[in-house]
1. Taking only pairs six or more apart or across chains, which ones have beta-carbon atoms under 8 Å, a first residue in segment 48-68 that is at pLDDT 80 or above, and a second residue that is hydroxyl-bearing (Ser, Thr, Tyr) and part of a loop (DSSP other than H, G, I, E, B)?
2. Taking segment 107-123 as the search range and keeping residues that are closer than 20 Å to ASN73 by Cβ and assigned to a loop (DSSP other than H, G, I, E, B), which one is modelled with the lowest pLDDT?
3. Please specify each residue of segment 56-96 satisfying the condition of being more than 15 Å from the chain's Cα centre (by Cα), over 16 Å from CYS29 (Cβ atoms) and exposed (fewer than 12 other Cβ atoms within 10 Å of the Cβ).
4. I'm checking my understanding of the structure. Among residues of segment 34-44 that are in contact with a Lys or Arg (Cβ under 9 Å, 6 or more places away or on another chain) and in a loop (DSSP other than H, G, I, E, B), which one is modelled with the lowest pLDDT?
Amino acid sequence: MKFAIFALCLLLSTQGFAKNTIKNKTKPCAPDYKKFCSFLELGDSRIKDCLKEHEKELTPACRAFGLRLSQENEKRITLIANTCHEDAKKLCAENPKMKIKCLIEKKELTSQKCQAVLKTPRRE
């Protein structure tokens with residue numbers, strides 16, 4: 001369960017996810033955001049940190065949503081890592097812990113196969 005909460009927090013750290021959750025009230029975590037974190041501005045992982053502080057109070061729907069998203073994103077990350085391995089070695093050697101972010105930022109410089117995988121929509 002701690003992995004699911006960690007994965008949820010990791011996903012919530014992206015501004016796109018936070019904005020979609022806030023705007024789309026049908027998202028399972030929107031009530032938790034509204035209850036615990038709506039006073040915060042987006043950015044600098046404020047939402048992630050806030051929800052992490054309240055992890056024991058999150059609704060079951062939000063926890064289940066986070067788990068499902070973490071599984072889907074884990075598959076996507078594995079696909080990117082396998083497809084873009086050579087591009088990452090060439091373009092992102094300076095920061096090996098941030099390879100996915102680096103590949104996204106340098107997507108125009110990657111191979112066609114890698115670009116195709118990077119364009120695959122991310123679930124938010």
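1. none
2. ARG123
3. ASN82, LYS89, ALA93, GLU94, ASN95, PRO96
4. LEU42
The values are calculated or read from the model by the stated rules, or taken from the named source; none is laboratory data. Keep in mind that what you see is a predicted model, and the values were worked out from it rather than measured. Backbone-built Cβ (ideal geometry, glycine too); neighbour counts: all protein chains shown.
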